[in-house]
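Q: Before we start, here is the structure in question, set down as C-alpha cells.
Derivation of every value follows stated rules applied to the coordinates shown; laboratory data play no part. On a predicted model such as this, the values are computed, not experimentally measured, just so you know. Reconstructed Cβ throughout: ideal geometry from the backbone, glycine too, with neighbour counts over all protein chains shown.
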Amino acid sequence: MTILVTGATGNIGSQVIDHLVKRGADVRALVRDPAKANFPAGVSVVKGDFLDVASLRSAFEGVSTLFLLNAVVADEFTQALIALNVARAAGIERIVYLSVIHPDIYVNVPHFAGKFGVERMIEQMGMHVTILRPAYFIQNDLTIKDVITGYGVYPMPVGDKGLAMIDSRDIAEIAALELLRREQAAQPLPINRLNLVGPDTLTGTEIAAIWSDVLARQINYGGGDIDAFEQNLAQFMPAWMAYDMRMMGERFLTDGMLPDSGDVKYLTALLGRPLRSYRDFAAETAASA
C-alpha cells in the first residue's frame, strides 16, 4: 500500500511527505528531477511530469492512494485532468485533491475556475476523493515582508470583507491525515469536501494592525489599488499570472474569502489542536528577520 505525493518538492508536498513518514506510511514522491530530491529515508522517488503520460503511468503503478497537487501554471487544468484519468485507469480509488476555497464563486478567476472544472470531473466520474479547499495561504505574505518592514505598508488587496487565511503547515498536516484516512479505510470512501481556513477572518486593516503590534510601529493598509497590484506582480511573474492574481484580488475586495459555519471547529478537532493564526505567523516572521 503506497501513497504517491505529487508536487513533492514544493512547500505543501514536502511537508505532506514529512507527516506521512512520521506516521509510518509507505511514500512515493513524484518529481521532475530526482537529483534535486531531498526526502526522509524510506521515501521512494520517481521521475515524472503531468504532461508526460508514459511517466505518469509508470509512477502510478502499484499506488493505492494519490495526493494530487497542481501548481498554478497556464495548463494546470489539462495537467490535472490527465493525472486523474491516468490514476483512474491505474485503479487508484483513494485520492486527495488540493483545490481552492469557493471555486464556484470565483468563477472568473482562471486558476479557481480550472480547479472547479477538475472538481466537476471528479464528481461526474464518481471518483473517491477528498477535495481540500484551502483559503489564502498565510505564507504568501512572505513575498511582501520587505514591503511591510521597509515601507510600513501592507499591500495585499484584502479589502474589508475579510479572508480566512490559513497556515500552509496546517494545510499539509490536514492533507496527510486525509490521505491516511483514505489509505487505511477498508473500502474506498465517498467524495467529500473540506474548506481549509484559519482561526480568524481578517480584513486588510486588521492585518496591518497585527503587523503594527508585532513590529511596534505603524503599518498602514494600502491594498486598495488593484492596478498597482497587477503591475507589481508583472515585474516577477508572467503577465497572464499577474492578471490571474489581479482577478483574485478583485474578488477579495468584492466578496472576501469567508469560512462556512463549523469549518474552524471541525478542523480544530481534526488536528487535535488550535489552528495557527496570522498573528503567530507575523510574530515568527518578525523574529526571524
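Q: How high is the FRET efficiency between A216 and I105 when r is their beta carbon distance and R₀ equals 35 Å, given to the nearest 0.05? It would help to have the intermediate numbers written out before the result.
A: On the way: r = 38 Å, r/R0 = 1.08.
The value I calculate is 0.40.
Q: Over region 149-241, what is the mean sequence separation of C-alpha contacts under 8 Å (at least six apart), divided by residue count, expressed as relative contact order in percent? Working shown, then result.
A: Details: 87 pairs, mean separation 43.3, N = 93.
Across region 149-241, relative contact order equals 47 percent.
Q: Further question on the same structure: For the chain, calculate the relative contact order in percent as a whole number, restricting contacts to Cα pairs under 8 Å that are 6 or more residues apart.
A: On the way: 531 pairs, mean separation 53.2, N = 289.
That works out to 18 percent.
Q: How far apart, in nm, are the 7 Å Cα→Cβ label points at N192 and K265?
A: Here the modelled spin labels are 1.6 nm apart.
Q: Here is a further query. Report the label-to-label distance for K161 and A286 in nanometres (one decimal), using points 7 Å from each Cα along the Cα→Cβ vector.
A: 2.9 nm
Q: Can you pull the one-decimal nm distance between simple spin-label points at T254 and D227, each 7 Å off the Cα toward Cβ?
A: 1.8 nm
Q: Among the listed pairs K22/K47; K47/K145; K36/K115; K22/K265; K22/K145; K36/K265, which have their C-alpha atoms separated by more than 30 angstrom in this model?
A: Flagged as over cut-off: K47/K145; K22/K145; K36/K265.
Q: Per DSSP H run of at least 4 residues, take -39500 (n - 2.57); add these up for the chain, divide by its residues and hand me the 222 nm value, nearest 500 deg cm²/dmol.
A: Numbers: 11 runs with 130 residues, N = 289.
Result for the chain: -14000 deg cm²/dmol, rounded to the nearest 500.
Q: Restricting to the chain, what percent of DSSP beta bridges are antiparallel, rounded to 5? Don't skip to the answer; put the middle values down first.
A: Details: 1 of 28 bridges.
For the chain, the DSSP antiparallel bridge percentage is about 5.
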